[in-house]
Amino acid sequence: MEGLPPEVIARLRPLMREERVVAGTSVVREGEPGERFYLVLEGELEVTQVGRGQRGLIGPGDTFGEVALAMGVARTATVRALTDATLSSCDRATFDEVVRPVFSD
């Protein structure tokens, strides 16, 4: 997903929960149910898919987790911290209220 518009991030940030993850931690795993949407504040993470390997790297300002929430499917990739990272996340209800409208524009 391309970066969210600044006004959406400004509205979303107070509703999010911040967490630190250590390098090597899998934040989400492919095939698991998706219940949270994430914004990377600090650090570098890799996105991988079974059978396809690394699909990309994400860092500050990038988001992930939207596919499972927007489409109602299991996680389509694994996201693992390559460095210690700080993430902000929100639940499905907040995603539906604040982020989902960006997809329908």
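The figures follow:
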item: Amide H within-cut-off set for Gly34, under 5 Å, with H built and near neighbours excluded; result: Arg75
item: Relative contact order (percent, whole number), the chain, Cα cutoff 8 Å, 6+ residue spacing; result: 40 percent
item: Volume of the Cα convex hull of segment 1-61, divided per residue and given in Å³; result: 104 Å³
item: Hydrodynamic radius of the chain per Kirkwood, over alpha carbon pairs, in Å; result: 13.7 Å
item: Magnitude of the charge dipole, the chain, Cβ model with Lys/Arg +1 and Asp/Glu -1, debye to 20; result: 220 debye
item: Efficiency of FRET between Glu7 and Asp84 - r from beta-carbon atoms, R0 35 angstrom, step 0.05; result: 0.75
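Each value in this text was obtained by applying a stated rule to the coordinates, not by laboratory testing. Please read all numbers here as calculations on a predicted model, not as lab measurements. Positions of Cβ are backbone-derived with ideal geometry, glycine not excepted, and every protein chain shown enters the neighbour counts.
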